Every structure is written in C-alpha cells, then in structure tokens.
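Have a look at the structure below, then the notes.
The values are calculated or read from the model by the stated rules, or taken from the named source; none is laboratory data. The shown structure was predicted, so the numbers you read here are calculated from the model rather than taken from an experiment. All Cβ positions, even for glycine, are placed from backbone atoms using ideal geometry, and neighbour counts span all protein chains on display. Remember, those area values only see protein heavy atoms, side chains included, never the ligands or the DNA or RNA. Shrake-Rupley method; radii C 1.70, N 1.55, O 1.52, S 1.80 Å.
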Amino acid sequence: MTAPHTPTDPQEIPTVRLMPKANARAIRHGAPWVYANEMVVDRRTKKLAPGTIARLEDAERQPLGLVAVNPLSKIIARMLDQDAATVIDQDWFETRIARALALRQLAYDAPFYRLIHAEADGLPGVIIDRFDDTCVVQPNAAWAETLITPLCAALIAVTGVTNVLKNAGGRTRTLEGLDDVSGVLAGVAPDAPVPVPMNGATYMADLTEGQKTGLFYDQRPNHAFAAGLSKGARVLDVFAHVGGFSLAALAAGAETALAVDGSAPALELARQGAAAMGKSERFATRQGDAFDTLAALRSEGEKFDVVICDPPAFAPSRNALDAGLRAYERIARLAAPLVSENGILVLCSCSHAADLGQFRGASTRGIGRSGRRGILLHTGFAGPDHPQLPQLAESGYLKALVFRL
C-alpha cells in the first residue's frame, strides 16, 4: 500500500460529520472509535485515502476533534485529539510517547515492556514493544502507516533507542487494507534472539521471526502470581510459546516444568531461555496440538501440581464467540484431570469478545464436567504497561483465572 499524502496544514484538512443518530456525547467523553454507520459517508468521504487526518463534527457542525479516517474499515474514524486545531506531527508524537514512557519508568526498572498500548496511550491502532535499545512497532491502523516516519523519529527522540523494527503481521492490518511487509525502520535488526529478564526468568525473544513482536509482556503479573504457587511443584505449561509461565515457575523454585506448544521454533527459544537460567535439567518440552497432548498426558497417567493453559484467542470476534467459549470449556475439561488433589489450575483468555463472566462460566463448566470441583483463588489481568481505556472494552482483553482443585 502506498502511503497517501496526509495534510497537516489546518487549511488542507477535510471535515467529516456524524449522523444525527450518532452518540456525539460518547465521543466527547472519550470514546475512541466512530463506526461507518455513525458517520455521513458521502462521495467525498469515500474518496479520502486511508489514513487521512480530518476534522470531526457532530450533526450540528460543532467540532469534536481530529480523527484518522479509513473508508475501507468498519472503524471509519479513530479519535486522535479532541483539539481540532492540533497539528499531527513529530512533536505531537513525542508528547504522547513521553507520557507513555513516564508511566513505564514508574512501573519497571528495566527497559523491557509494552511502551505504547494503542488507544489507551493515545495512539489508536499502534503497538510498540520495547526490548532495551530496540523497539518493535505494529502500525495496525492506516493513519499510523501513513505517518510512520514522524512516529519513528519521535520514538527515537524520546526513548533513545537505536533500532526500530516494523512488524506488519496480524489480522488487524488486513481489516485496515494494509500489507503484511515487515522491515527495519531505523538501525539494524538483531541477528540473534534478545534475552529479556522478567520475573527472575530469562526469555529469548525473536524480534523478526517470532509471534507478534517476539514476546507477550501482558502476562507478566500472571506469570508472577502462578510462579508464587509453584515452589517445589511439578508444572505443566500448555500453549507455552517461549516458556512464559514455566520459566517463571522454575525461577521461583519449581521442581520441574514441562512446556507444550505446537511451534518448534517457540519451544527451541524456551529451551534457550531455560539454559540461560541454568535450569535445563529441570525443564522439558513437548511439541504437539494442545488438545491432543492434554488427552495423551491423561492417558499416560500424568499428574502435575500446577497446570497452566494460555491459549491464543479462541474468540477473536463476536461471530466466533460461541465456538470460542466451547473451546475454553474443552480446555478446562481436559486440563482439570491432570491437576493433583489440592493443586492449581490457571486458565487464561486473550479474547476481547469473551468477557470475564463468559470466560469464567466456560472454565467452571469445563472443570465440573471433568468431575473436579474448585475454588477461585485469583483473577488476573494485564500489567500496567497494557493500560485499559475505560470507554473501550476491547482494551481489557486479558483474563487469568487461578483455581485450586
């Protein structure tokens, strides 16, 4: 996709308008999105290039602020700034990034975290994960793709990082009409996995070939909570990726940990992490389908003191909700028999379409249908580097339920 010219001169910026039925009050109170059925989409609006910056007005022509418009997307406009006179330039990006950085520096003592969490940090559709002197940017909205140059310059100016990579994978970019071409925006790409210290463990993040940006920072507090229950325990980590829960458990004193995942490269990174920690002799991996592996472990008579299941989003959209809830129930039903008496079962969901109540209900049904009973010890969410925007339920996507069976 060729980036269109996006005007920043106030005289050039086009105007778009809400339909009379649209909830302008919600926009004024912080709602970040305007859907296509809420905006006047005339011939002129349809011709706007994806990523165009425009002034948004209500049906009475009162200004609501600046938006990024994409006529190709169901989310036709994303709020950028409630001041319609704002200029979206490098200085504007620097202000947003500096505010986000200050929060992360309060919460973390090392430069390994999610630096920008999209709408919650004032940059709609933009994800930036930091790995010391390297940042990985996911510009998942057309406006960010269009303005990637000032965004990158601002990122370097504020953080001092030397390398900026672009990750163009994921379903969201497809919905925005964007390509899937990743690359290097500044500096160089690391020629080896980057060691990431977290919760006393060492994780190996592949920033160019790994899933998403290379590591999932959002589970950090849930890794820590589960690890605190794992001293002296036999731990099973299903959908382990690079060993998120299992390596944290070993760092906290687990007796052994078995990591299960369908990806051979992810499990190799997990083994490298265990080796970097000096825990290889207590760490094992098993590649295969999670559902099949859970069933096989039961048939082998295996039991574990702590079992964690952290699957990908089974319900990535409302259309997939029913099937997703059935999958969460099935995971719980297969995992619960592997938990020793008075052991711990941790079930996670990163599906924004399945709210906490729905996920908890599916998990509880699965545990019950396995013949087990449990108490809920803890409900966990993402860490402070993944802040939630109260007006956007999707930003509270991560849930972790900790049961004692």
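Largest accessible area first, the listed residues CYS350, CYS309 line up as CYS350, CYS309 when surface is computed with a 1.4 Å probe on the assembled protein chains. Treating r as the C-beta distance of ALA36 and GLU281 and R0 as 60 Å, the FRET efficiency rounds to 0.60. I'd like the distance separating the alpha-carbon centroids of segment 261-333 and segment 196-210, in whole Å. Value for the Cα centre distance between the two parts: 18 Å. Of all the options ALA252, ALA102, ALA264, the one that moves most in a Gaussian network model of the chain with Cα springs shorter than 10 angstrom is ALA102. Ordered by 1.4 Å accessible area with all protein chains kept, VAL40, VAL346, VAL181 run largest first as VAL181, VAL40, VAL346.
For ILE156, the accessible surface of its heavy atoms amounts to roughly 60 Å² (probe 1.4 Å, protein chains only, rounded to the nearest 10).
Per residue, segment 1-123 exposes an accessible area of 50 Å² to a 1.4 Å probe, with every protein chain left in place.
Accessible area per residue was computed with a 1.4 Å probe on protein heavy atoms; ARG234 scores about 80 Å². Counting only Cβ charges, +1 for Lys and Arg and -1 for Asp and Glu, the dipole size of the chain around its Cα centre is about 1400 debye. Dipole orientation for segment 198-249: of the candidates GLY232, ALA201, TYR217, GLY232 has the Cα lying most toward the positive pole (charges on Cβ; Lys, Arg +1; Asp, Glu -1). Straight-distance candidates among the lysines for linking to LYS212, with alpha-carbon spacing under 25 Å and chain neighbours fewer than 8 residues away dropped: LYS74, LYS166, LYS399. Note on the chain: GNM, Cα springs under 10 Å; of ASN222, ASN163, ASN37, the largest mean-square fluctuation is that of ASN37. For segment 51-145, the Stokes-Einstein estimate of translational diffusion at 20 °C and a viscosity of 1.002 mPa s comes to 149 µm²/s, using the Kirkwood hydrodynamic radius over alpha-carbon pairs.
Solvent-accessible surface of segment 169-225, taken per residue with a 1.4 Å probe and all protein chains present: 48 Å². Accessible surface of the chain, 1.4 Å probe: 51 percent of it comes from carbon and sulfur atoms.
Average accessible surface for segment 281-352: 45 Å² per residue, computed with a 1.4 Å probe over protein heavy atoms with every protein chain in place. Take the chain and mark each of the GluC sites (Glu not before Pro) that is in a DSSP loop with at most 16 other Cβ atoms within 10 Å; the longest unmarked stretch, sites excluded, is 61-208.
Compute the acute angle (0 to 90°) between the alpha-carbon long axis of helix 321-335 and the principal axis of greatest extent of the alpha-carbon atoms of the chain; round to the nearest 10°. Helix 321-335 sits at roughly 20 degrees to that axis.
Each of PRO387, GLY169, GLN90 was scored by the projection of its Cα onto the charge dipole of the chain, and the greatest displacement toward the positive side belongs to PRO387; charges sit on the C-beta of Lys, Arg, Asp and Glu.
Against the empirical curve 2.2 N^0.38 Å, the C-alpha radius of gyration of segment 137-195 lands at a ratio of 1.17. Relative to the longest principal axis of the Cα atoms of the chain, helix 90-107 runs at roughly 30 degrees. Estimated from helices alone, the mean residue ellipticity of the chain at 222 nm is -8500 deg cm²/dmol (sum of -39500 (n - 2.57) over DSSP H runs with n ≥ 4, per residue).
Between 0 and 90 degrees, the angle of helix 290-299 with respect to the longest Cα principal axis of the chain falls at about 10 degrees.
Toward the positive end of the charge dipole of the chain, with +1 on the Cβ of Lys and Arg and -1 on the Cβ of Asp and Glu, the farthest Cα among HIS117, PRO265, MET39 is that of MET39. For segment 182-313, the pair-distance distribution built from all alpha carbon pairs, in bins 10 Å wide starting at 0, is 13, 46, 31, 8, 2, 0 percent. Considering the values (1) 4, 19, 24, 22, 14, 9, 5, 3, 1, 0; (2) 5, 24, 35, 27, 8, 1, 0; (3) 5, 22, 29, 23, 14, 6, 1, 0, which represents P(r) over Cα pairs in 10 Å bins from 0, in percent as calculated for the structure under consideration? From the options (1) 4, 19, 24, 22, 14, 9, 5, 3, 1, 0; (2) 5, 24, 35, 27, 8, 1, 0; (3) 5, 22, 29, 23, 14, 6, 1, 0, the structure gives (3).
Surface calculation, 1.4 Å probe, protein heavy atoms: ARG365 sits at approximately 100 Å² accessible.
In the elastic network of the chain, a GNM with C-alpha springs shorter than 10 Å, the most mobile of ASP292, ASP310, ASP133 is ASP292.
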